[in-house]
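The structure appears right after this line, and notes come after that.
The values are calculated or read from the model by the stated rules, or taken from the named source; none is laboratory data. This one's a predicted model, so the numbers in the text were calculated from it and none came from an experiment. For neighbour counting, all protein chains shown are included, and Cβ atoms are generated from backbone atoms with ideal geometry for every residue, glycine included. With ligands, DNA and RNA removed, areas are computed over all heavy atoms of the protein, side chains included. Shrake-Rupley method; radii C 1.70, N 1.55, O 1.52, S 1.80 Å.
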Amino acid sequence: MIVLGLETSCDETAAALVGPDGELADVTHSQEVHARFGGVVPELAARAHVEKVGAVVAAALDRAGVTRPDAVAATAGPGLIGAVLVGLNYGKALAAGWDVPFLGVNHLEGHLLSPLLEARAPAWPFLALVVSGGHTTLYLCAGLGRYTVLGQTVDDAAGEAFDKVARMLGLGYPGGPLVDRLAAEGDPMAVALPRPLPGDLDWSFSGLKTAVRQHLLSTPRPSDADVCASFQAAVVDCLLQRALAAARRTGVHRIALGGGVAANSGVRAAFAASGLDVYLPPRHRCTDNAAMIAHAGRLHLLAGARDALSLRARPVWSVA
Ligand code: KG4
Ligand code: ZN
């Protein structure tokens, strides 16, 4: 079964084709219109998706050499409602026109299952850490559609904290990759930052962000590189601490990472050296992409799932 996947939940317009041997084409257009606002502007995102979705889908079909896939899967949420609606409705229209099955996919499940697209994929059960701009959640994945939340952030998502620190430093948007780059030139021990760990296996990143702000107001002010390196090290410590605790608690030592922050150099290095059995998708599959949506959709379609074309977008939608 060859599945066309569409992803438009935030600021990437993406289309991909995935078949039995994996990815056939994966096209992502990152919207640049938001950079000067320092964050994603929902209305502009929706309009930019409308402008690009046709060309992005056409490019993916062309690259894969496919004229009519066997099914269409599109992100139905969570995300910016106007943005989600574009890909969801475009996907429904294509499915109706081609007369093939349609399925709405949960964006978070896309991230969570994306490590299964790789040649070296985790066996069930595995832990999945989804660290993105909107979510920071640790799941126990027992099988397709059988997920339990072990821990999550009680305030900011890790990616959001990266973006806020980047904004404080005036680095630009999206901030994560810029902080990552600058951190490589700094000393992770230079600025003393807390490792806030609230109850159970949860995280809290808003205090860390406030601590960074305080350091930026102190004299002498630490260098931007030292701030980035120290902040990144603190986030990495918190993520790793919870992952190790979850592995101990569940006895499951396989852990898959997904979401934009899983593209972070510090996160990747620390997890690779953690002693856990770590599954890290390549960077372009950590950030938003349509291959993960096509893949998650394909697994459910193969299991018999179908959605009616009346399916609604769900701006808020948890997977567990
Ligand atoms: O998964 P994603 O592309 O979109 C969401 O579903 O949110 O994640 C985007 C988030 C942004 O906050 C971005 O700053 C962060 O991931 N990010 C990074 C890196 N690349 C992207 N954070 C730290 N280091 C990176 N290299
Ligand atoms: Zn995402």
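Can you list the strands (runs of 3 or more DSSP E) lying wholly within the range 1-62 that have 2 or more residues being more than 16 Å from ligand 2 (Cβ to nearest atom) and buried (at least 24 other Cβ atoms within 10 Å of the Cβ)?
Details: elements: 3-7, 12-19, 22-30.
Qualifying strands (runs of 3 or more DSSP E): 3-7, 12-19.
Looking at Ala262, Ala291, just one residue is of a type in the set (Gly, Ala, Ser), within 16 Å of ligand 2 (Cβ to nearest atom), in contact with a Lys or Arg (Cβ under 7 Å, 6 or more places away or on another chain) and at pLDDT 95 or above, and that residue is Ala291. Of all residues in the range 121-145, those satisfying the criterion of being part of a loop (DSSP other than H, G, I, E, B) and either within 16 Å of ligand 2 (Cβ to nearest atom) or on the phi > 0 side of the Ramachandran plot (or both) are Ser132, Gly133, Gly134, His135, Gly145. Only one entry in Val40, Val18, Val100, Val84 is in contact with a Leu (Cβ under 9 Å, 6 or more places away or on another chain) and within 20 Å of Arg314 (Cβ to Cβ), namely Val40. Cβ-Cβ contacts under 7 Å between residues 6 or more apart (or on different chains), taken from a first residue in the range 251-262 that is on the phi > 0 side of the Ramachandran plot to a second residue that is among the aliphatic types (A, V, I, L, M), are listed as Gly259/Val130; Gly259/Val131.
So is Ala121 of a type in the set (A, V, I, L, M) and either surrounded by fewer than 20 Cβ atoms within 10 Å (Cβ to Cβ) or in contact (Cβ under 8 Å) with a residue 60 or more places away in the chain (or both) or not?
Details: of a type in the set (A, V, I, L, M): yes; either surrounded by fewer than 20 Cβ atoms within 10 Å (Cβ to Cβ) or in contact (Cβ under 8 Å) with a residue 60 or more places away in the chain (or both): yes.
In short, yes.
Go through the range 269-299 and report how many residues are open to solvent by 40 Å² or more (accessible area, probe 1.4 Å), outside any loop (DSSP other than H, G, I, E, B) and either in contact with a Leu (Cβ under 6 Å, 6 or more places away or on another chain) or among the aromatic types (Phe, Trp, Tyr) (or both).
Of the residues in the range 269-299, the ones open to solvent by 40 Å² or more (accessible area, probe 1.4 Å) are 269, 272-273, 275, 277, 280, 282-284, 287, 299.
Filter again for outside any loop (DSSP other than H, G, I, E, B), leaving 269, 272, 277, 283-284, 299.
Narrowing further to those that are either in contact with a Leu (Cβ under 6 Å, 6 or more places away or on another chain) or among the aromatic types (Phe, Trp, Tyr) (or both): 299.
Total meeting the criteria: 1.
Quick grid of which residues meet (1) in contact with a Phe, Trp or Tyr (Cβ under 7 Å, 6 or more places away or on another chain); (2) over 14 Å from Asn264 (Cα atoms); (3) surrounded by fewer than 17 Cβ atoms within 10 Å (Cβ to Cβ):
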{"position": "Phe162", "(1), (2), (3)": "no, no, no"}
{"position": "Gly186", "(1), (2), (3)": "no, yes, no"}
{"position": "Leu217", "(1), (2), (3)": "no, yes, yes"}
{"position": "Phe231", "(1), (2), (3)": "no, no, no"}
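Just give me the residues in the range 2-36 being farther than 15 Å from Thr75 by Cα and among the hydroxyl-bearing types (Ser, Thr, Tyr), in sequence order. Within the range 2-36, just Ser30 meets the criteria. Determine if the range 138-149 includes at least one residue that is in contact with a Gly (Cβ under 6 Å, 6 or more places away or on another chain) and within 15 Å of ligand 1 (Cβ to nearest atom). Checked the range 138-149: no residue is in contact with a Gly (Cβ under 6 Å, 6 or more places away or on another chain) and within 15 Å of ligand 1 (Cβ to nearest atom).
Taking the range 63-76 as the range and being surrounded by 21 or more Cβ atoms within 10 Å (Cβ to Cβ) and not hydroxyl-bearing (Ser, Thr, Tyr) as the test, the residues that pass are Ala64, Pro69, Ala71, Val72, Ala73, Ala74, Ala76. Scanning the range 233-251 for residues that are open to solvent by 40 Å² or more (accessible area, probe 1.4 Å) and part of a helix (DSSP H, G or I) gives Asp237, Gln241, Leu244, Arg248, Arg249, Thr250.
When residues in the range 194-210 are screened for being open to solvent by 20 Å² or more (accessible area, probe 1.4 Å) and either among the hydrophobic types (A, V, I, L, M, F, W, C) or in a helix (DSSP H, G or I) (or both), 5 of them pass.
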